[in-house]
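Throughout, read-outs are computed from the coordinates displayed, never taken from laboratory work. What you see is a predicted model; the values in this text were computed from it and never measured. So basically every Cβ, Gly included, is an ideal-geometry build from the backbone, and we count neighbours across all protein chains shown.
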Amino acid sequence: MSTIQHRWHVPDIECGACADAIKRSLSELSGVKLISVQVEAKTVEVEYDPQLIKPDAIFDRIEEAGFSPEA
Ligand SMILES: [Cu+2]
C-alpha cells in the first residue's frame, strides 16, 4: 500500500482548538492515515491512501469543519 502526502494552507487556523476540530473531522474519513496540523504555519498535512480517498474529499471536509483551505 502506498500513500500520498499533501499539505493545504488554511489561513483561518488560529489555535489548538482549530487544529483539534480539523483533526477530529479528518480522522473520520477512511483512507486518511496521518494528520498533522501546524497552528503557527497554518497548514494541514495529510497522508492518505489514494485508492480510498481523493484529495478533493479531504479539502471538502476541511471546509465542512468550518475552515477555508486554499487549493
Ligand atoms: Cu482556534
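Among (1) of a type outside the set (V, I, T); (2) in contact with a strand residue (DSSP E or B) (Cβ under 9 Å, 6 or more places away or on another chain); (3) buried (at least 16 other Cβ atoms within 10 Å of the Cβ), which single condition is S25 missing?
With respect to (1) of a type outside the set (V, I, T); (2) in contact with a strand residue (DSSP E or B) (Cβ under 9 Å, 6 or more places away or on another chain); (3) buried (at least 16 other Cβ atoms within 10 Å of the Cβ), S25 is out only on (2).
Scan region 35-71 for residues that are over 10 Å from W8 (Cα atoms), in contact with a Cys (Cβ under 9 Å, 6 or more places away or on another chain) and β-branched (V, I, T) and jot them down.
Residue satisfying the conditions is V39 alone.
Pairs please, first residue from region 7-24 and among the aromatic types (F, W, Y), second anywhere and more than 11 Å from the ligand (Cβ to nearest atom) and outside any helix (DSSP H, G or I), Cβ atoms under 7 Å, 6+ apart in sequence or on different chains.
From region 7-24, the pairs are W8/T43; W8/V44; W8/P69; W8/E70.
When you scan region 28-38, do you find a residue that is in contact with a strand residue (DSSP E or B) (Cβ under 6 Å, 6 or more places away or on another chain) and exposed (fewer than 12 other Cβ atoms within 10 Å of the Cβ), even just one?
Scanning region 28-38 turns up no residue that is in contact with a strand residue (DSSP E or B) (Cβ under 6 Å, 6 or more places away or on another chain) and exposed (fewer than 12 other Cβ atoms within 10 Å of the Cβ).
How many residues are part of a strand (DSSP E or B) and over 20 Å from A71 (Cβ atoms) when one looks only at region 1-39?
2
Table: residues versus (1) of a type in the set (S, T, Y); (2) within 9 Å of the chain's Cα centre (by Cα); (3) within 14 Å of the ligand (Cβ to nearest atom).
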position	(1), (2), (3)
I4	no, no, no
E14	no, no, yes
A19	no, no, yes
G31	no, no, no
V37	no, yes, yes
A41	no, no, no
V46	no, yes, no
D49	no, no, no
F59	no, yes, no
